[in-house]
Amino acid sequence: MARYDVVITGGAIVGSSIAYYLREEGFTGSIALIERDPQFAHAATTLSCASIRQQFSIPENIRLSQFTLGLFRRLTDEFGPDADIGFREGGYLILAGDNGLPILRANHATQMAEGADIVLEDAEQLQKRFSWISTEGISAGAYGRTGEGWFDAHAMLGLFRKALKTKNIDLITAEVTGIERVGNRVTAVTLATGERLEAGTLFNAAGPNAGKVSAMAGLALPVEPRKRNVFVFEAREKFADMPLMVDPSGVYVRPEGSVYITGGAESEDGELAADVNDFNPDWGLFEEVIWPVLATRVPAFEAIKATQAWVGHYDYNALDQNAVIGPHPEVTNFIFANGFSGHGLQQAPAVGKALAELLVHGAYRTIDCSAFGYQRVAEGRAFRELNVI
Ligand SMILES: Cc1cc2nc3c(=O)[nH]c(=O)nc-3n(C[C@H](O)[C@H](O)[C@H](O)COP(=O)(O)OP(=O)(O)OC[C@H]3O[C@@H](n4cnc5c(N)ncnc54)[C@H](O)[C@@H]3O)c2cc1C
């Protein structure tokens, strides 16, 4: 039976980032990165909208994104001269009506205190800035002038995975089907092949499947897959200055090359865990929910043509839509990196760095992730992020 100092379950962006930063922090022990779907055909990472923002409601989330932003800005220093993820700093525009205005203002104050470059503008100012917008029902909007935008998720994952190949990490294609524990220690994982790997420390980087992987170790984690539809549409007019705009209804839209992508139509009221095999787009959401919102917010979108759609699953933390990061308080060699609820791609580099520091140096150094710790899950105490898009 093989023995690894570190076993990571899930090899998409979060697992790859943990492995990468462990080596960057000087970890010399053996590492196995286990992934069941090596093409990442069903991973949240590759099915995401690949966007990054500063517009969160809590400072801790802003700091995670700021670390990743810093990485994006020195990508070639980190990954070599050819590194390119097509980062387009197009900004987010989060709109609010009268009801949402106090929260938008409070969030903006938090973001400013963290040094984010966000302007809060009233309807008149927005209309001047964006000629294509209809400000009907809008009191204000928060717009990220820099530090927010979108990129190529496949390219980002590819950079990490390529870098891992030179870092003496065993990339194993297999499914983890069981986790063995002796008292308060995880001791081994079993694979679908029947193989057993002894594990010194186990990281859970299983994305929407993280709740199930935790349960294999007898640990409760309220993370479950939630289905999210993304629609691609064409419009006659091209608005090159369009940011990722979030309507007060929750519907978002942004340019993607010569087309647009849109989503955010799912209601969380009474929503349950999704069937992980369900990748069929719910076209009714586009027709009935999204298109009327788009046509109201951008009159030129009255005439649009949806051409494609895809489905991914959020790694949804049903407790508070925020990440769970760090060791289990009792089973301390089981480490969570889960529950990002729709913003994990942009947080993955920061989380990998933070957890690598924790394992190698015994403490967080660059980004303090203690507020995301598991203790709150054990106590049922929500640490809520209000800007879940
Ligand atoms: C539609 C959509 C839009 C999104 N938009 C954004 C966005 O704009 N910005 C942003 O920051 N985030 C966004 N997200 C969220 C983001 O994609 C996720 O939070 C992030 O990718 C999580 O990364 P991960 O590596 O933890 O999970 P995943 O990418 O899902 O990877 C988990 C991996 O673990 C593997 N795995 C699971 N169980 C096992 C097992 N038992 N054995 C072996 N392997 C296993 C899976 O095969 C998978 O490859 C979006 C998500 C969706 C669905």
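The values are calculated or read from the model by the stated rules, or taken from the named source; none is laboratory data. Computed from a predicted structure; not experimentally measured. No Cβ is skipped: glycine too gets one built from the backbone with ideal geometry, and neighbour counts run over all protein chains shown. Heads up: the accessible areas ignore ligands, DNA and RNA and are worked out on the full protein's heavy atoms, side chains in. Shrake-Rupley method; radii C 1.70, N 1.55, O 1.52, S 1.80 Å.
So the values come out like this:
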{"quantity": "26 Å Cα cut-off, lysine pairs counted over the chain (separation 8 or more, or different chains)", "calculated": "8"}
{"quantity": "Accessible area in the full protein assembly, largest first, 1.4 Å probe, for Arg365, Arg3", "calculated": "Arg365, Arg3"}
{"quantity": "Region 110-158: C-alpha gyration tensor shape, a/c 1.5 cut-off, then a/b vs b/c", "calculated": "oblate"}
{"quantity": "Shape of region 234-389, Cα gyration tensor, a/c cut at 1.5", "calculated": "prolate"}
{"quantity": "Stretchable slack from Arg73 to Glu287, in nm (0.36 nm times residue separation minus alpha-carbon distance)", "calculated": "73.2 nm"}
{"quantity": "The chain - percent relative contact order, Cα under 8 Å, separation 6 or more", "calculated": "23 percent"}
{"quantity": "Simple spin-label estimate for Val182 and Thr146 in nanometres, 7 Å along Cα-Cβ", "calculated": "5.5 nm"}
{"quantity": "Between region 126-170 and region 230-284, the Cα center-to-center distance that results, in Å", "calculated": "14 Å"}
{"quantity": "Heavy-atom accessible surface of the chain: percent carbon and sulfur, 1.4 Å", "calculated": "48 percent"}
{"quantity": "FRET efficiency for Ala215 and Asn99, using Cβ-Cβ distance with R0 set to 35 Å, rounded to 0.05", "calculated": "0.35"}
{"quantity": "For region 287-389, accessible area per residue (1.4 Å probe, heavy atoms of protein chains only), Å²", "calculated": "36 Å²"}
{"quantity": "Rough spin-label spacing in nm, given labels placed 7 Å along Cα→Cβ, for Val119 and Leu171", "calculated": "4.4 nm"}
{"quantity": "Accessible surface ranking that places the most exposed of His343, His108, His361 first, with a 1.4 angstrom probe", "calculated": "His361, His108, His343"}
{"quantity": "Principal axis dimensions, the chain - Cα atoms, whole angstrom, descending", "calculated": "65, 46, 41"}
{"quantity": "Residue-averaged [θ]222 nm for the chain, counting only DSSP H segments that reach four residues, each worth -39500 (n - 2.57)", "calculated": "-7500 deg cm²/dmol"}
{"quantity": "Two-decimal log10 I(q)/I(0) for region 1-159, as the Debye equation yields it once each C-alpha is a single scatterer, q = 0.09, 0.14, 0.18 Å⁻¹", "calculated": "-0.41, -0.84, -1.13"}
{"quantity": "With DNA, RNA and ligands ignored, accessible area of Lys305 (1.4 Å probe; Å², nearest 10)", "calculated": "120 Å²"}
{"quantity": "FRET efficiency for Arg3 and Arg365, using Cβ-Cβ distance with R0 set to 25 Å, rounded to 0.05", "calculated": "0.30"}
